[in-house]
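Below is one structure; the comments refer to it alone.
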Amino acid sequence: MSMKLDWERVRMFDKDIAQMFHSNISGVKEAKVSLVSKKEKVKQRPQALNTVEMLRQASSGLGMGPQYTMQVAERLYTQGYISYPRTETNSYPENFDLRGTLKMFVNNSEFKDCAELIRDGFQKPRKGHDAGDHPPITPMRSATEAELGHENFRLYNFIVRYFIGTITPDCKYLQTTGYLEIGKEKFSCTGKTLISPGFTTAMTWQGLVEDERLPEMEKGDICRVDEVKLVEKQTSPPEYLTESELISLMEKHSIGTDASIPVHINNICERNYVQVVGSSRKLQPTPLGIVLVHGYQKIDPELVLPTMRAATEKLLNLIAQGKEDFRAVLQHVVKTFEMKYKYFVKNITGMDELFEVSFSPLASTGKPLSRCGQCNRYMKFVDVKPMRLHCAVCNVTYKLPQNGHIKLYQELKCPLDNFELVMWTTGAKGKSYPLCPYCYTNPPFGDMRPGFSCLECSHPTCKHALSQNGVSCCVECEDGLMMIDRTSAPKWKLVCNKCNVVINFKDEAHIHRLDLSEEQCGQCEATYLHVTFHKDKTPLADGVTEYTGCLFCDQTLKQYVALHHAQMRIKTSSSRGRGRGRGRGKGRRGRGGRGSRGT
């Protein structure tokens with residue numbers, strides 16, 4: 001077994017002196033062991049799992065981004081497989097049933113490598129921090145990969161193994177350090193030999209690796225020197241931060257909470273300030289992000305330092321402890337940011353100067369796409385992140401949805417502001433919807449928020465609005481509505497206006513047109529669909545081309561639909577696949593009537 005020795009002097013910055021030391025020992029063929037030190041050490045089992053630790057480990061070990069990790073964790077929680085995934089607590093409550101939770105996995109073949117640990121019982125877990133919010137993240141019931149699906153099971157498997165690891169013995173190993181002499185120069189090497197794997201049997205990714213072992217050696221032993229090498233190197237800048245490292249630093253500097261950290265990291269990626277690169281998920285700043293930070297530093301450095309946010313978080317904690325008055329803190333914080341905002345606006349030219357050096361003016365960027373409702377001139381589509389439309393005449397920029405493709409939608413105009421509609425799509429197997437650039441940025445109705453599409457618009461008569469296309473509540477999510485996707489013709493489908501559920505009409509249906517009926521299903525309360533089939537390819541008997549019925553309850557229509565999930569940039573999945581309204585329409589449209597009819 002070979003060993004790589006570390007020089008006692010570590011490094012030399014004078015090349016001539018380094019070459020002198022190299023010459024002194026380059027001809028020596030033997031190294032003498034002057035001392036061997038052996039010490040038993042312990043690698044502690046982890047404390048209970050909280051949100052920040054889950055995000056950190058999922059990024060570094062599973063390659064899952066924080067935002068996606070939380071989506072998967074929330075799905076596992078709503079389906080009853082894990083406890084609530086948003087918590088700062090990493091200490092089990094005194095009355096927590098550790099034994100009962102452990103026993104759930106005795107007969108689960110997915111964790112057979114942990115069977116002995118499970119049979120032998122458990123160790124008392126390490127005490128952690130009780131934040132007083134929710135218990136640590138733990139498994140709530142046993143499951144298999146076939147039951148959950150691959151992506152869900154990866155995170156579930158981590159949570160189960162982490163839980164088992166917290167209540168199993170510490171990992172014990174023997175650390176051996178050998179001190180050797182080659183000529184008059186001293187060297188050392190260190191290795192580890194496993195004594196008891198403990199919790200690393202469950203948490204295999206934290207186990208010792210084979211190349212950490214050293215060959216057996218005693219004081220006075222002679223080892224053969226294979227090579228003495230002089231290596232010339234130079235100092236290099238630090239590597240880019242990984243997501244995992246950023247999460248740790250955000251927690252350390254009180255930037256965000258367990259709930260908002262994933263959102264913050266996702267935002268800087270979505271806005272093209274950084275890019276995630278490589279399997280280690282390093283965060284590489286983009287030119288836009290670098291210029292933006294330099295601009296803030298030039299005007300007010302505190303805006304890009306963690307000190308302001310940390311000070312605010314400290315004041316909020318004092319409010320929670322009853323040591324500060326809420327109104328006084330609110331007034332102080334608002335006043336501070338108001339003054340900083342005014343100072344920033346006053347000195348904004350410093351930011352403009354940096355952007356003009358690094359980027360082309362927005363007016364000269366992009367390609368003409370759709371007409372502005374104010375001046376009737378073409379606005380330019382900027383197709384780099386963040387995608388947006390810019391009107392050079394009005395000098396106004398309008399936001400657009402990200403992570404998809406934008407194109408003009410049939411030159412149709414919004415009835416409210418005369419802006420041409422555009423269509424956002426993720427492709428044939430994804431979702432599509434029309435939107436008005438002005439309404440998307442400036443919601444026209446009180447029940448709308450920025451970022452709402454036409455499918456969420458409450459306009460009473462527009463053919464693309466909710467009132468003209470809403471069929472039923474979503475078959476999976478709690479807040480969404482299943483809407484007719486008029487952009488999908490002639491391959492008609494229904495889409496949820498909140499999540500990525502899609503109901504496709506099969507090709508053999510040969511549907512020419514799809515509209516809402518005035519009637520409502522008496523069983524599930526969904527609005528009836530009026531379907532017009534192609535006259536030459538109608539699947540109905542006797543050449544009938546029109547049919548009205550409930551998509552979820554009517555057997556004639558049900559045979560022509562299939563449910564799936566749109567292919568999105570961040571994938572989600574669900575355990576349900578039922579093409580039914582599940583009785584959740586709750587009178588959304590209240591048009592009465594029941595039954596079906598064919599004409």
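Values computed for the structure shown
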{"item": "Only listed residue being more than 30 Å from Asp221 (Cβ to Cβ), out of contact with any Phe, Trp or Tyr (no Cβ under 6 Å at 6 or more places or on another chain) and either among the basic types (Lys, Arg) or modelled with pLDDT under 90 (or both), chosen from Arg75, Arg9", "result": "Arg75"}
{"item": "Scan of segment 114-132 for residues that are of a type in the set (A, V, I, L, M) and either exposed (fewer than 12 other Cβ atoms within 10 Å of the Cβ) or under 17 Å from Lys103 (Cβ atoms) (or both), ordered by number", "result": "Ala115, Leu117, Ile118"}
{"item": "Condition broken by Tyr341, with the remaining ones in (1) open to solvent by 60 Å² or more (accessible area, probe 1.4 Å); (2) touching a residue at least 60 places away in the same chain (Cβ under 8 Å); (3) within 30 Å of Thr397 (Cα to Cα) satisfied", "result": "(2)"}
{"item": "Residue check, Ser364 of a type in the set (Gly, Ala, Ser), touching a residue at least 40 places away in the same chain (Cβ under 8 Å) and open to solvent by less than 90 Å² (accessible area, probe 1.4 Å)", "result": "no"}
{"item": "Selected residue [over 32 Å from the mean Cα position of the chain (by Cα), touching a residue at least 40 places away in the same chain (Cβ under 8 Å) and either open to solvent by 30 Å² or more (accessible area, probe 1.4 Å) or over 30 Å from Ala31 (Cα atoms) (or both)] from Tyr162, Tyr179, Tyr173", "result": "Tyr179"}
{"item": "Positions within segment 92-121 being within 17 Å of Tyr81 (Cα to Cα), in a helix (DSSP H, G or I) and aliphatic (A, V, I, L, M), in sequence order", "result": "Leu98, Leu102"}
{"item": "Hey, Asp479 charged (D, E, K, R) and out of contact with any Leu (no Cβ under 7 Å at 6 or more places or on another chain) or not", "result": "yes"}
{"item": "Among (1) over 27 Å from Pro125 (Cβ atoms); (2) surrounded by 17 or more Cβ atoms within 10 Å (Cβ to Cβ), the one test that Gly278 misses", "result": "(2)"}
{"item": "Residue check, Leu400 at pLDDT 90 or above and either within 30 Å of Ala311 (Cα to Cα) or touching a Lys or Arg at 6+ places or on another chain (Cβ under 6 Å) (or both)", "result": "yes"}
{"item": "Out of Ser142, Ser109, sole residue that is without any contact (Cβ under 8 Å) to a residue 40 or more places away in the chain, crowded, with 16+ Cβ neighbours inside 10 Å and under 30 Å from the mean Cα position of the chain (by Cα)", "result": "Ser142"}
{"item": "Options Val357, Val384; residue that is part of a loop (DSSP other than H, G, I, E, B) and under 30 Å from Pro301 (Cβ atoms)", "result": "Val384"}
{"item": "Which numbered condition Pro443 misses (of (1) touching a residue at least 12 places away in the same chain (Cβ under 8 Å); (2) over 24 Å from Leu288 (Cβ atoms); (3) in a loop (DSSP other than H, G, I, E, B))", "result": "(1)"}
{"item": "Lone qualifier among Pro85, Pro46, Pro93 - being of a type outside the set (Gly, Ala, Ser), without any contact (Cβ under 8 Å) to a residue 60 or more places away in the chain and either closer than 30 Å to Glu245 by Cβ or surrounded by 17 or more Cβ atoms within 10 Å (Cβ to Cβ) (or both)", "result": "Pro85"}
{"item": "Residue among Asp485, Asp536 that is closer than 23 Å to Met423 by Cα, without any contact (Cβ under 8 Å) to a residue 60 or more places away in the chain and among the charged types (D, E, K, R)", "result": "Asp485"}
{"item": "Sole exception among (1) modelled with pLDDT under 85; (2) open to solvent by 100 Å² or more (accessible area, probe 1.4 Å); (3) assigned to a loop (DSSP other than H, G, I, E, B) for Asp211, by number", "result": "(3)"}
{"item": "Qualifying positions in segment 281-299 - surrounded by 16 or more Cβ atoms within 10 Å (Cβ to Cβ), part of a strand (DSSP E or B) and not aliphatic (A, V, I, L, M)", "result": "Lys282, Pro285"}
{"item": "Those residues of segment 401-432 which are of a type in the set (Asp, Glu), at negative phi and open to solvent by 80 Å² or more (accessible area, probe 1.4 Å), in sequence order", "result": "none"}
{"item": "Test: residue in segment 214-235 that is among the polar types (S, T, N, Q) and open to solvent by less than 60 Å² (accessible area, probe 1.4 Å)", "result": "no"}
{"item": "Of residues in segment 3-17 being in a loop (DSSP other than H, G, I, E, B) and open to solvent by 100 Å² or more (accessible area, probe 1.4 Å), the one farthest from Val225 (Cα to Cα)", "result": "Phe13"}
{"item": "Residue match in segment 432-439 (condition: touching a residue at least 40 places away in the same chain (Cβ under 8 Å), aromatic (Phe, Trp, Tyr) and not in a loop (DSSP other than H, G, I, E, B))", "result": "yes"}
{"item": "Some residue of segment 322-329 being among the small types (Gly, Ala, Ser), in contact with a strand residue (DSSP E or B) (Cβ under 8 Å, 6 or more places away or on another chain) and surrounded by fewer than 16 Cβ atoms within 10 Å (Cβ to Cβ)", "result": "no"}
{"item": "Candidate set from segment 500-533 (those that are of a type in the set (Phe, Trp, Tyr) and farther than 27 Å from Trp424 by Cβ); member that is surrounded by the fewest Cβ atoms within 10 Å (Cβ to Cβ)", "result": "Phe533"}
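The values are calculated or read from the model by the stated rules, or taken from the named source; none is laboratory data. Please read all numbers here as calculations on a predicted model, not as lab measurements. Virtual Cβ from ideal backbone geometry, glycine too; neighbours counted across all protein chains shown. Ligands, DNA and RNA are excluded from the accessible area calculation, which covers all protein heavy atoms including side chains. Shrake-Rupley method; radii C 1.70, N 1.55, O 1.52, S 1.80 Å.
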